[in-house]
1. Using Cα positions and a limit of under 15 Å, work out the aspartates and glutamates in reach of D:K120, with same-chain residues fewer than 8 apart set aside.
2. What GluC sites (Glu not before Pro) in segment C:40-128 are in a loop by DSSP, with at most 11 other Cβ atoms within 10 Å of the Cβ?
3. Between C:D63 and E:D136, take the C-beta separation as r, use R0 = 41 Å, and let me know the FRET efficiency to the nearest 0.05.
4. How far is F:D55 from the same spot in each other copy, in nm, shortest first, if each label point sits 7 Å from Cα toward Cβ?
5. Put a dot 7 Å past each Cα toward the Cβ at C:L33 and D:E89; how far apart are the dots in nm?
6. Sum -39500 (n - 2.57) across every DSSP H segment of at least 4 residues in chain A, then divide by the residue count to get the 222 nm mean residue ellipticity, nearest 500.
7. Using Cα positions and a limit of under 19 Å, work out the lysines in reach of D:K82, with same-chain residues fewer than 8 apart set aside.
8. Using only alpha carbon pairs under 8 Å that are at least six residues apart, calculate the relative contact order of chain A and give it in whole percent.
There are 6 protein chains.
Amino acid sequence: MRVSIIRRAHFNAAHRLHNQEWSDEKNLKVFGLCNSPNYHGHNYDMEVKLTGETDPVTGYLYDLKDLSDLIKAEIEDRFDHKNLNLDTEEFKDLNPTTENLVYVIYNILREKIAPEYDIKIRLWETARNSVEYPADS
Amino acid sequence: MRVSIIRRAHFNAAHRLHNQEWSDEKNLKVFGLCNSPNYHGHNYDMEVKLTGETDPVTGYLYDLKDLSDLIKAEIEDRFDHKNLNLDTEEFKDLNPTTENLVYVIYNILREKIAPEYDIKIRLWETARNSVEYPADS
Amino acid sequence: MRVSIIRRAHFNAAHRLHNQEWSDEKNLKVFGLCNSPNYHGHNYDMEVKLTGETDPVTGYLYDLKDLSDLIKAEIEDRFDHKNLNLDTEEFKDLNPTTENLVYVIYNILREKIAPEYDIKIRLWETARNSVEYPADS
Amino acid sequence: MRVSIIRRAHFNAAHRLHNQEWSDEKNLKVFGLCNSPNYHGHNYDMEVKLTGETDPVTGYLYDLKDLSDLIKAEIEDRFDHKNLNLDTEEFKDLNPTTENLVYVIYNILREKIAPEYDIKIRLWETARNSVEYPADS
Amino acid sequence: MRVSIIRRAHFNAAHRLHNQEWSDEKNLKVFGLCNSPNYHGHNYDMEVKLTGETDPVTGYLYDLKDLSDLIKAEIEDRFDHKNLNLDTEEFKDLNPTTENLVYVIYNILREKIAPEYDIKIRLWETARNSVEYPADS
Amino acid sequence: MRVSIIRRAHFNAAHRLHNQEWSDEKNLKVFGLCNSPNYHGHNYDMEVKLTGETDPVTGYLYDLKDLSDLIKAEIEDRFDHKNLNLDTEEFKDLNPTTENLVYVIYNILREKIAPEYDIKIRLWETARNSVEYPADS
């Protein structure tokens, strides 16, 4: 009995899209408003999906309190009320696009969750824009 | 032309997570607040997804009125305004976790929907917690 | 500068609508499915609205962390994962309709929040049904 | 690093489900209220999902401004505030069911988006009914 | 104990904004896309709010099943899957703007609901545009 | 016929809560995470409500395209993708709490909208926290 459970979480952060090797003109042309020099920010909504075999004794795939505590300790405490570019190790040299952010979140959780569970992350930067990793196929 | 249609429905039910073979202490430790002895409850939201080939004459994969009537007769009338532990056959000896509930719903609908349609169920216990069965892979 | 702040919270509870002085027939006739004997349940969503004068030094009407802690201590811890009829003092002799529940919540918070703040509560029993107290006029 | 980005958009349109080769009685029997002769309408919500490899230089899968402009030019300008049956080439001889509409939208975008990106469309006709094309499997 | 209850409902309809006494040019100038000649449509969401005194015996302000049946009989059956301009008496000579529609709905319900209940209607034409009648002050 | 129309809009911005006359310790104590030195950010959702008399010739209270253009020009272009503390005149010397932000937005729009329309603003900083100005009473 292979199921997926999905836990929703969120954090609020500032960021700026910028490639340090480009001129200001090129950055503005490629990233537009998202290159705004003093940062802007988002309420990020996130779904963490785990897939695996349900434990027949508990009827649980994974204890949701454990999952929610893990997301708080590893993702929310790291990124919530932070400036992604200035306050985090992960984006010192990586452009904080939603694509890169979802990839970073996946890798942080991948190390903390046992390998028998598949993981997928969906991250909303706004109500209209979201990214999923890994892709379905 | 292989498409999926998704119909959203909901029901309101009480339940309690409990393993009858365990002590009260162990039940409380594993299930926490969800083991509360006099039950608690949820507004369950559900998406039923059918996948198959569109009928070129009607342009329908499946008549949505038929699907909605089927969900009402087989799922809503069975679980809505019920105590899952006390009022249903399905959970007499099965712990009503969301994982088990989504599996039960899948099997009820699987018997009533022609085999040329694949079925997938997503069930939200709260706005933040949901389960999907069968898993994507 | 008179403003309102609105904080959203939620809890999950079981209940049953029942008037102990009526026959079973009359209870069923008046309360229908909501009279189901073994209880059913809901994810209650709640908005607590405070109205008053903003403090010009902080720019706050009321510290939202304090408000959120108060709602947790006084409302969520009291009602979340509970059976309203069996587990709470407030509904020992009071029918747990949404009207009565919103009135009870208002009175609990009214005692804990300084009188210079007006309070209004909106409570959703389901996505389609909600109640507000006190009424606008 | 294979990711998916999802962009949400919407348009408002009128339509009527009708098979021109059938009698009025048969149309009414099969399509019910949706066959109402003077049309009815919907706020269509749409998610366009692109899957491919992130560009390591920009950290983008696809420029979201380009995607949003493309959706506006090709889908919103074509269908928004239109009568699908009377005002569009696509549904002159095709019944505007949600299944057919999602297939039409897919094919319009497929021609405009480079083949290294996979495309999937999800279209909501109402909050409770939606269709996805192509299906997951 | 004066409370308000709010019931949410919806219907799907086609319409066109048009003043029959104006030229086509003026209609297009004033109403823009909403004047599109072959109609367009919306999923209308509606909240009906009743305000009054709770009955101390039932704990109800108004039976929600009665309210929901009334909304179905008087509003949904009248407007759902209809063309507001062509299929309804109410908009034969009245422009179906959201302002006029909310006023019409208010007056239909006002005649069917006892005068001790105040009524307020909020109607969403899209997720971003809504109208309320009567106004708060 | 006095009605209200409500238009929803949004913008994404960075900010930091800070009182320049206080020590760092006091700022941290009062504003907590919101005092984070390098800013954080939000997707702000906003409802602008206008109340007045419907024009009987158009059936409009206020042209929604005009209102939406005004909100874009005066609010979105000013605050979207900006750092409220560093990039705006309005918050040079004013702490960008949601209470102060809603008051600033009200005053900007109040100057641009004719006085026969009452204005009320509701602003969501997150899905759980919002502020309304002016207050209902």
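Each value in this text was obtained by applying a stated rule to the coordinates, not by laboratory testing. Predicted model, so just to flag it, every value in this text is computed and none were measured. In this analysis, Cβ positions are derived from the backbone assuming ideal geometry, glycine residues included, and neighbour counts consider all displayed protein chains.
1. Candidates past the 8-residue exclusion: A:E132, A:D136, D:D45, D:E47, D:E99, D:E111, D:E132, D:D136.
2. Here the sparse-neighbourhood loop sites are C:E89, C:E116.
3. For C:D63 and E:D136, the calculated efficiency is 0.90.
4. 4.6, 4.6, 4.7, 4.9, 6.6
5. So the two model labels end up 4.8 nm from each other.
6. -7000 deg cm²/dmol
7. D:K82 reaches D:K72, D:K92, E:K29, E:K82, F:K65.
8. Relative contact order, chain A: 31 percent.
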